[in-house]
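First comes the structure, then the notes that go with it.
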Amino acid sequence: MIEKISHIGIAVKDMEDALSVFRDGIGLEVTSTDEVKTQKVRVAFLPVGETRFELLEPTEDDSPIAKYLEKRGEGIHHIALKVTNIEEALAAMKEKGVKLINEEPVPGAHGTRVAFLHPKGTRGVMLELVEENE
């Protein structure tokens, strides 16, 4: 059901400032950007081998990322796991008692479908399930 780690989400206050570190300083290449209006966030993906860093910048003060930044500051927000069928994965996890934030998939960056697992049920780590359109 889970294929691999898709990406590691990093909450940032300012995308250009963050890119000056990850792109210009560290030397990672930005392969894609997107705005996910339903999540009120702008993202940039930077591959590291088969995995990617996903920089997440809020576009509205009331976005989940803005709230996260206000509470915890910049840093790792989530680890995303690629799944083949997100509905099946969510149903199986719910049946096993995993606490879910999203019981149904929501739109993600680049046309993906995503759902978050609650960090209270995953030992403090926010996990995201991602079904990619390949």
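Assorted remarks:
- Among (1) under 16 Å from the mean Cα position of the chain (by Cα); (2) under 23 Å from GLU70 (Cβ atoms); (3) touching a residue at least 40 places away in the same chain (Cβ under 8 Å) - the single one LYS37 does not satisfy: (3)
- Residue match in region 107-124 (condition: within 18 Å of MET1 (Cα to Cα), out of contact with any Gly (no Cβ under 9 Å at 6 or more places or on another chain) and in contact (Cβ under 8 Å) with a residue 40 or more places away in the chain): no
- Residues of region 93-102 include none that is small (Gly, Ala, Ser) and within 26 Å of VAL30 (Cβ to Cβ).
- Test: residue in region 87-103 that is out of contact with any strand residue (DSSP E or B) (no Cβ under 7 Å at 6 or more places or on another chain), surrounded by fewer than 20 Cβ atoms within 10 Å (Cβ to Cβ) and touching a residue at least 40 places away in the same chain (Cβ under 8 Å): yes
- Of all residues making up region 104-134, the number that are surrounded by fewer than 18 Cβ atoms within 10 Å (Cβ to Cβ) and β-branched (Val, Ile, Thr): 3
We did not get these values from a lab; they are worked out from the coordinates using the rules stated. All values reported here derive from a predicted model rather than from experimental measurement. Neighbour counts run over all protein chains shown; Cβ positions are idealised from the backbone, glycine included.
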